[in-house]
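A.B. asks: The following block contains the structure, expressed as structure tokens.
Please treat every number below as a calculation from the coordinates, not as lab data. This one's a predicted model, so the numbers in the text were calculated from it and none came from an experiment. Note: ideal-geometry Cβ built from the backbone for every residue, glycine included; neighbour counts use all protein chains shown.
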Amino acid sequence: MLSRDHYAVLGVAPDADNETINAAFRRLSRRYHPDLNPGDAQAQAAFERLKLAHSVLTDSLDRARYDREGRPPADEIEVLSSTQEGAERDAGSYPELFRQLCDHARRARPQRGNDIHTAVVCRLVDAERGRRTTVEVRRLRRCSGCRGTGRLHAGRAAPCATCKGSGKEIFGCGALAVAVACADCGGEGLNPGATCAACHGSGLTGHEETLAVQIPAGVHNGQEIRISGGGHQGPRGGPPGDLVTTVSVQTDPRFERSGPHLITSVPVTVSEAVLGARIKVPALDGATAIVRVPPGTRGGARLCVRGRGLEMANGRRGDLIAVVDLWLPDVVDEDVRGLIREFGERTGGPVRGRNERATVQR
């Protein structure tokens, strides 16, 4: 839950100066910035609350009015930040000390940027050959105004508000006390400059970019292509994430795809089916393939042309399979009918019962 007290939101004392307030805002904005927490409504709300608190407390007139009228009762204050006064953090047990040290390490070390997920559509012929395409993305890159630091260097550097200029943060007390380099100033003890207005202290800004994507030969529908380093830049100088592109392969009305094999229907006349023939069938590359129709081929037979299908990941190719579709003429004259009757009498037909044959003759 968010505090109604601006001082509690930023984790600073009521008498904190502007430098301390700016330092607290920079530190917390790097944690709750919406660009670093996409889709997180709580982080968005926290960041808006941080901006409001910062804008009020850094304006002398607004702050004076807030101190007179706007502060809630002390028993209603809920602190957004866990930052305490000074650089010492109490830890009453080893688990609590370990948790605090892990949180410090997370804040101090560079973090990998988030992945960017996109989708591309390619034709079946592109899936067979592979091709190079582009995608439009919005990426977080290092802010040019502050060179990714989140702060603008101007004038004499003030002491770091977190470690009070010591360059160290102390976790625990007594036998549990551990001193480590300050995560906010990197152990320098200085807090040079104000928050960068362009990136709100996060060190990252969004940019529209066009990125190249290579679709490999033999890609299948729904396959993901990962491009290393094509995602968002990581905070605090961390490495970028990846660009993950999901491929959607369009269908070709001439073919049905079965893994690396392509299936197509080919019309065959009765004479070609009976006598045998060599016919042309369409291939994916726009050319044609020759398929041999053996004598006596029946409708629905599957004739295979080796190596004219899709290329597989291992470099081998699938097959082109032609399914025989017996073609009958729409109109025949009486001479053709006579030939068909003679053909039927000579070749015979399926054995039927007497009654069925008699019905056919009538």
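A.B. asks: Taking R0 as 41 Å, what FRET efficiency do you get between residue 335 and residue 254 from their Cβ-Cβ distance, rounded to the nearest 0.05?
C.D. replies: My answer for the efficiency is 0.70.
A.B. asks: Let me ask you something else. State the answer as a single residue: which of 344, 300, 287 lies farthest towards the positive end of the charge dipole of the range 256-348, with beta carbon charges of +1 for Lys and Arg and -1 for Asp and Glu, about the Cα centre.
C.D. replies: Towards the positive end, the residue furthest out is 287.
A.B. asks: Pulled fully out, how much extra length does the chain show between residue 61 and residue 37, if you take 0.36 nm times their separation in residues and subtract their Cα-Cα distance? Mind dumping the intermediate values first?
C.D. replies: Numbers: separation 24, 0.36 × 24 = 8.64 nm, distance 3.29 nm.
Full-extension gain reported as 5.4 nm.
A.B. asks: Now a separate question. Using the number of other C-beta atoms within 10 angstrom as an exposure proxy, rank 162, 297, 195 with the fewest first.
C.D. replies: Fewest to most other Cβ atoms nearby, the residues stand as 297, 195, 162.
A.B. asks: Excluding residue 245 itself, what net charge comes from residues whose Cβ is under 9 Å from its Cβ, given Lys and Arg +1 and Asp and Glu -1?
C.D. replies: Every neighbour counted, the sum reads 0.
A.B. asks: How large is the charge dipole for the range 196-315, taken about the Cα centre, if only the Cβ atoms of Lys, Arg (+1) and Asp, Glu (-1) carry charge, to the nearest 20 debye?
C.D. replies: Values: 11 positive and 9 negative charges, 149 e Å.
I would put it at about 720 debye.
A.B. asks: Would you mind counting up the charge near residue 286? Only other residues with Cβ under 14 Å from its Cβ, with Lys and Arg at +1 and Asp and Glu at -1.
C.D. replies: Value of the local net charge: +1.
A.B. asks: Please give the net charge around residue 319, taking every other residue with its beta carbon less than 15 angstrom from that of residue 319, where Lys and Arg add +1 and Asp and Glu add -1.
C.D. replies: +3
A.B. asks: Give the whole-number value, in cubic angstrom per residue, of the convex hull volume spanned by the C-alpha atoms of the range 280-326.
C.D. replies: 75
A.B. asks: To continue, here is another question. So for the range 256-348, what are the equivalent ellipsoid semi-axes in whole Å, largest first, each being the square root of 5 times an eigenvalue of the Cα gyration tensor?
C.D. replies: 34, 12, 10
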